[in-house]
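Peer 1: Following this message is one structure expressed as structure tokens.
Here, each number is a calculation from the coordinates, and none is a lab measurement. Computed from a prediction, not measured in an experiment: that's the story for all the values here. Cβ coordinates were reconstructed from backbone atoms using ideal geometry, including for glycine residues, and neighbour counts include every protein chain displayed.
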Amino acid sequence: MDREFFILIVCGMGYSTSNIIKINLRKFLEAKDINARLQGTSLTSINNYINSADLIITSLGLNPADYQIPVINAVDLISGRNKEGILKEILTTLQEIAQKE
């Protein structure tokens, strides 16, 4: 994909959990040759970034209906239970976003 995506990674405080998700996600996106800016943030700071974001990836139980962009719960990137399934969902979502442009 030619464009750069802006992905918000939202966790409770915007530090540890979002960094673990960010590390896993960065490796995956680089392997797929997808250019993305990853921004870790807390739920209380999400409004600082939401207007320019393409996708929210979170470890929290966010309600997708509350946002105008896709929301993916990625807690499995931390636990490893369904890591491949979450990464496939992220890839599919990014492809859908790119096709809408």
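Peer 1: Mind telling me which of Ser42, Ser79, Ser18 comes out most flexible in a GNM of the chain, alpha-carbon contacts under 10 Å?
Peer 2: Ser79
Peer 1: Also, I was wondering about something else. Go ahead and run the numbers for FRET between Lys27 and Gln99, Cβ-Cβ distance against an R0 of 22 Å, rounding to 0.05.
Peer 2: Calculated transfer efficiency: 0.35.
Peer 1: For the chain, what value does the Rg/Rh ratio take when both radii are computed over Cα atoms and Rh is the Kirkwood radius, given to two decimals?
Peer 2: Ratio of gyration radius to Kirkwood radius for the chain: 0.92.
Peer 1: Let me ask something else. With loop defined by DSSP as not H, G, I, E or B, and exposure as at most 16 other Cβ atoms within 10 Å, which is the longest segment of the chain clear of exposed trypsin sites (Lys or Arg not before Pro)?
Peer 2: That would be 33-80.
Peer 1: Return the single residue from Leu38, Leu77, Leu29 with maximal mean-square fluctuation; model: Gaussian network over the chain, springs between Cα atoms under 10 Å.
Peer 2: Leu29
Peer 1: Subtract the Cα-Cα distance of Phe6 and Asn35 from 0.36 nm times their separation in residues, and report this length gain in nm to one decimal.
Peer 2: 9.5 nm
Peer 1: Oh, and also: Based on DSSP H runs of at least 4 residues, each adding -39500 (n - 2.57), what is the mean residue ellipticity at 222 nm of the chain after dividing by all its residues, to the nearest 500 deg cm²/dmol?
Peer 2: Taking each H run of at least 4 residues, the total per residue is -11500 deg cm²/dmol.
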